[in-house]
1. Round to a whole angstrom and tell me the spacing of the C-alpha centers of the stretch 416-475 and the stretch 76-117.
2. In percent, what relative contact order does the stretch 217-340 have, based on Cα pairs under 8 Å that are 6 or more apart in sequence?
3. With a 1.4 Å probe and all protein chains left in place, how much of the accessible area of the stretch 434-549 comes from carbon and sulfur atoms, in whole percent?
4. State the antiparallel share, in %, of DSSP beta bridges confined to the chain, rounding to the nearest 5.
5. Charges at C-beta only: +1 for Lys and Arg, -1 for Asp and Glu. How large is the resulting dipole of the stretch 509-567 about its Cα centre, in Debye rounded to 20?
6. Over the Cα atoms of the stretch 398-535, what Rg and Dmax result, in angstrom?
7. If R178, R380 are ordered by their accessible area, calculated over protein heavy atoms with a 1.4 Å probe, which sequence runs from highest to lowest?
8. Where does helix 279-288 land angle-wise versus the long Cα axis of the chain, in degrees 0 to 90, nearest 10?
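The values are calculated or read from the model by the stated rules, or taken from the named source; none is laboratory data. Please read these numbers as outputs of a predicted model, since none were measured by experiment. Cβ placement follows ideal geometry from the backbone for every residue including glycine, while neighbour counts extend to all protein chains displayed. Heads up: the accessible areas ignore ligands, DNA and RNA and are worked out on the full protein's heavy atoms, side chains in. Shrake-Rupley method; radii C 1.70, N 1.55, O 1.52, S 1.80 Å.
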Amino acid sequence: MKNVLVRLSLILSIAVLIGACNDLDIQPVDTLTGDQIFSSEVGINAALQSMYMQLHIDNFAVSDYTHLNIGSSSTVIGEAQLVPLRIGNAKRELLGGDYSWWNYTAIRYCNLGIQGLIQNYDKFESERDKYNHWLGEAYFCRAYMYYTMVRSFGGVPIVKTPESYLDYPNAKDMEIPRNTEKEVVDFIASDLDSAMMLMGPDELERGRANKYIAANLKARVMLFAACEAKNGQVQLNGLVGIPASESKEYYKKAYAAARFATENGGKYKLYRKYDDGTYMGKVKNYEQIFLDETADNTERMFVLPFDEGVNAHCWDANQRPKGYTEQNDPSGELSATLEWVELFDDVDGNPGKLKIGDPANPVRYSNTEDLFARSQPRLRATVLLPGVQFPGSSNPADRYEIRKGIYESYPGGPLHTASNNTDKWNGMTISGKCGIGDIYTTDNGFIVWKYQNPAGTGAYWTSFQDWIEMRYAEVLLNKAEAAINIIGETVDGTVVTMQDALGPINEIRERAGTSALTAVDEAKIINERRCELAFENQLVWDMKRWRMLEEVVQNKTFSSLYPYFVADENKYIFLRHSRNEIRYRFDSRSYYAPIPASAIQRNPNLLPNNPGY
């Protein structure tokens, strides 16, 4: 390592983070060696920070199709839809290359870190626990990066040393072929085993990893591998796909890792700070999971930090509805589809299909919120429901008022609609305060509210909510999904029972405000995951590993729910509206991404490309 010069970009990152090279008592940045970085705590922390900064964490701060964002991911899997203004540019097909990530420069930074730390082992005799944690973090980051690649590409080259640098131009001696998908998954598992063994229970600072975070990442990866074996097929001699015979063993590994993450001494558990057992207590509690950044929030595990004066995002500006935002640009941009809303059981555990009747005889309601009187608190905290008191407002009359129009009578009477939220008929605002009809506003009543700050103004670049990349609810869901596939099998000396799948699901459902299940199967666990983790950028990858996208997306349209006021009855009706202007497509080849052409040009040994490309 002493003769390996660290890339200038890494050194510049370190220089920014530590202030100046003089603080390290080392040579100028253009002559720094690995020993000089990895022999001091300041240098090691700066190098680790550089690794974390390069993790491909899908969050709400980006808007391109290379880096998944909360809007585009949910629209291509039927969770949500965009405001009418965006329809022309909306994605209609989830392609294999969308959201993929290929970056061996970032992998090399991890390899430099692992090698540098190992070679400087003797310098930290008096700080062995801290040193071990640092080394564990480097293994964790490398595992996270390889998982980000394998979930898109299948098998990729496994590179363990910094000298092997696949992104280096004209590196003919580094034309490394792809490993099989199974080999990559097993390599990730090995790195995460090292991370779990080396790291302590507490992260060294916000936004970094600990042993339980590594354990849940392992559970996530092992579930991916189990599903690849169960639902996919081996092709190209294993470059893509995992043998079906391996599925059960990967479920066992996923279960063991998730169970390890649950046995955390109380460090992590479901957030219940505001859950007093009442309906509105549960609503507030669920909202606050994504806003409470204090030590009280025991559900947050691995986060991407946002801090005022450092970095910001525009989630509040994009999502606050018309009438509750400072800016006049598109508002309430992302709204849940009716199909997704109806995935939720009601508070009594009954199927969530809304009682709206049919167009010939729609059910009448005195107020729009009456339709949702038995909806789960979790649903109400995840999306705004028409007519509810606006979150954060102390005024009971301050309602999320939204209409598609006013019928003088129904059926057959004149219909009044508006393209703004100011036009009136007979003294009533036609579209309500928040409106349906303006191309800049929601075409649905269900604006996504998860992560919204009730005190936000809607001004651009004024949102600082951390992105939660991993939370304890996912640990429980991972444990349940693994368990249901290995009932009766023995894991670490213990037989897995139905209760090992049912218990975690009911813990989540009780917090959500719906009834406990008496039995569970994989379909119910999948549905619970789609409700709990909606709009958190995980479900697109889940649906890939479940091989559900042909069923859910291919040749499908999704629906809005339009509230109308019927003037002569002083009642509301709801009509389902199919968004036929967007019909979605999915080709099965897109379960994998094509190997990037630029990578093949540098390294022809990456061929053959993935099936269909």
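1. The stretch 416-475 and the stretch 76-117 have Cα centres spaced 26 Å from each other.
2. Relative contact order comes out at 15 percent.
3. It is 54 percent, rounded to a whole number.
4. In the chain, DSSP labels about 85 percent of beta bridges as antiparallel.
5. Details: 9 positive and 9 negative charges, 17 e Å.
It works out to roughly 80 debye.
6. 22.8, 73
7. So the residues, ranked largest to smallest area, are R380, R178.
8. Orientation of helix 279-288: about 40 degrees from the principal axis.
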